[in-house]
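Enquirer: Before we start, here is the structure in question, set down as structure tokens.
The values are calculated or read from the model by the stated rules, or taken from the named source; none is laboratory data. This is a predicted model, so every value here is computed, not measured. Counting neighbours? That spans all protein chains shown, and the Cβs are built from the backbone with ideal geometry, glycine included.
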Amino acid sequence: MSSSPPPLSVLIAGSGAVRAHPTRGGPCYAVRLGERNLVFDCGRLAVHNLSRFDLAVETITDVFITHLHFDHICDLPLLLLLSWNNGRTRRLPVTGPKGIADFLEHGLRQAYAHDIKSRTAHGKNADYLEWTVKELSSEGVCDATDGSVIDTLITKHGGLLNFNYRLRSGGRTVVIMSDSEPDPRIVDFCRDADLVLIECSGTKEFYATVPWGSWHATPEQVGEMMRDAGAKQVVLKHLVIESFRNNDPQVSEAMAATVRKIHPGGKIHVAADGMTFDL
Ligand SMILES: [Zn+2]
Ligand SMILES: [Zn+2]
């Protein structure tokens with residue numbers, strides 16, 4: 001029996017970060033892998049943007065969360081509620097750092113107790129709203145299905161348990177990096193990857209002006225790590241600096257130019273909401 005690899009595509013549903021931005025939603029990346037629709041992070045406008053880019057929330061099969069900063073999880077209760085409302089008839093698996101179960105317990109079950117009671121009284125099956133949580137506290141394989149494998153790397157970021165995800169399927173590798181301090185282990189994690197989504201929150205000069213600057217990597221550090229890894233395509237995302245520069249896209253283009261100079265062998269993109277990659 002021949003086994004051609006499953007179709008694999010990546011949608012940038014949200015290219016931005018914390019602050020409201022006229023054209024960028026918060027972190028959210030959707031991976032279509034065969035029959036599965038995997039969503040990584042669920043930030044500001046994630047639910048809206050998934051629908052805007054033709055991915056119905058009730059067709060999402062799995063959710064993965066990198067870390068518990070609110071810009072990466074604020075739309076997760078909405079995603080669970082809306083997909084249930086729209087007719088999802090199975091429990092949604094959610095994988096994320098230790099603490100994600102508590103977040104859903106308080107931020108969904110308790111926060112929406114009145115709503116849930118009201119809807120179930122009208123016949124909605126509460127069992128499908130239930131979520132299946134896989135809490136991670138160490139690195140390793142977190143998902144292995146039909147020959148496709150997702151594994152994780154923990155890196156430092158804001159004192160949180162912070163997971164980066166790598167998907168390997170049919171000879172293709174996609175890495176979805178979290179927010180992260182630079183780390184030499186990122187090079188091996190991204191080795192020869194076909195596509196790496198990596199944060200580029202700002203420049204060294206910008207980081208010196210904010211208290212959380214040391215939680216992130218500069219364009220130079222991103223360029224060096226991606227060059228050493230031999231990453232084929234690199235998408236710069238989580239472009240915080242734009243919100244401090246009148247949402248000027250040229251600020252991100254300038255960071256991309258820095259990365260290109262250091263890693264001329266890779267194709268470097270500035271993320272945009274709706275951007276897709278077929279691999
Ligand atoms: Zn963060
Ligand atoms: Zn963030």
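Enquirer: So Phe53 passes all but one of these: (1) under 14 Å from the mean Cα position of the chain (by Cα); (2) over 23 Å from Ser148 (Cα atoms). Which condition number does it fail?
Expert: (1)
Enquirer: Shifting gears a bit: Considering each residue of the stretch 69-111, count those that are farther than 22 Å from Ser51 by Cβ, without any contact (Cβ under 8 Å) to a residue 40 or more places away in the chain and within 16 Å of ligand 2 (Cβ to nearest atom), and give that number.
Expert: Count: 2.
Enquirer: In addition: Could you go through the stretch 77-96 and let me know if any residue there is over 24 Å from Lys124 (Cβ atoms) and either at pLDDT 95 or above or within 15 Å of ligand 1 (Cβ to nearest atom) (or both).
Expert: Within the stretch 77-96 (the criterion being over 24 Å from Lys124 (Cβ atoms) and either at pLDDT 95 or above or within 15 Å of ligand 1 (Cβ to nearest atom) (or both)), the answer is yes, since at least one residue qualifies.
Enquirer: What is the one condition in (1) surrounded by fewer than 17 Cβ atoms within 10 Å (Cβ to Cβ); (2) in a strand (DSSP E or B) that Val174 does not satisfy?
Expert: For Val174, the failing item is (1).
Enquirer: Sticking with this one: Only one of (1) more than 11 Å from the chain's Cα centre (by Cα); (2) more than 16 Å from ligand 2 (Cβ to nearest atom) fails for Leu38. Which number is that?
Expert: Tallying (1) more than 11 Å from the chain's Cα centre (by Cα); (2) more than 16 Å from ligand 2 (Cβ to nearest atom), Leu38 fails exactly one: (1).
Enquirer: Sticking with this one: Show the residue pairs that are 6+ apart or on different chains and have beta-carbon atoms under 6 Å apart, the first residue being within the stretch 19-33 and in contact (Cβ under 8 Å) with a residue 40 or more places away in the chain, the second being more than 12 Å from ligand 2 (Cβ to nearest atom) and basic (Lys, Arg).
Expert: Here the result reads none, with nothing in the stretch 19-33 linked to a residue that is more than 12 Å from ligand 2 (Cβ to nearest atom) and basic (Lys, Arg).
Enquirer: All but one of (1) under 24 Å from Cys28 (Cβ atoms); (2) more than 18 Å from the chain's Cα centre (by Cα); (3) free of Cβ contacts under 8 Å to residues at least 24 places away in the same chain hold for Arg168, so report the exception by its number.
Expert: In the conditions (1) under 24 Å from Cys28 (Cβ atoms); (2) more than 18 Å from the chain's Cα centre (by Cα); (3) free of Cβ contacts under 8 Å to residues at least 24 places away in the same chain, Arg168 misses (2) alone.
Enquirer: Of all residues in the stretch 177-205, which are on the phi < 0 side of the Ramachandran plot, assigned to a loop (DSSP other than H, G, I, E, B), more than 16 Å from ligand 2 (Cβ to nearest atom) and among the charged types (D, E, K, R)?
Expert: Asp183, Arg191, Asp194, listed by residue number.
Enquirer: Do you know which of the residues in the stretch 31-64 that are more than 21 Å from Leu153 (Cβ to Cβ) and of a type in the set (Gly, Ala, Ser) is surrounded by the most Cβ atoms within 10 Å (Cβ to Cβ)?
Expert: Checked the stretch 31-64; the qualifying residue surrounded by the most Cβ atoms within 10 Å (Cβ to Cβ) is Ala46.
Enquirer: Turning to a different aspect of this structure: Out of (1) assigned to a strand (DSSP E or B); (2) more than 16 Å from Ile65 (Cα to Cα); (3) within 16 Å of ligand 1 (Cβ to nearest atom), the odd one out for Arg168 is which?
Expert: So the condition that Arg168 fails would be (3).
Enquirer: Out of the stretch 1-53, which residues are part of a loop (DSSP other than H, G, I, E, B), within 16 Å of His72 (Cα to Cα) and among the β-branched types (Val, Ile, Thr)?
Expert: Selection gives Val18 alone.
Enquirer: Which residue, of Lys267, Lys232, Lys261, is in contact (Cβ under 8 Å) with a residue 40 or more places away in the chain and more than 16 Å from ligand 1 (Cβ to nearest atom)?
Expert: After ruling out the rest, the residue left standing is Lys232.
Enquirer: I'd like the residue in the stretch 226-246 that is of a type outside the set (A, V, I, L, M, F, W, C) and buried (at least 21 other Cβ atoms within 10 Å of the Cβ) and, out of all such residues, is farthest from Met177 (Cα to Cα).
Expert: Among residues in the stretch 226-246 that are of a type outside the set (A, V, I, L, M, F, W, C) and buried (at least 21 other Cβ atoms within 10 Å of the Cβ), the one farthest from Met177 (Cα to Cα) is Glu242.
Enquirer: A further question on this structure: Within the stretch 44-68, can you find the residues that are within 13 Å of ligand 2 (Cβ to nearest atom) and not small (Gly, Ala, Ser)?
Expert: Arg44, Ile65, Thr66, His67, Leu68
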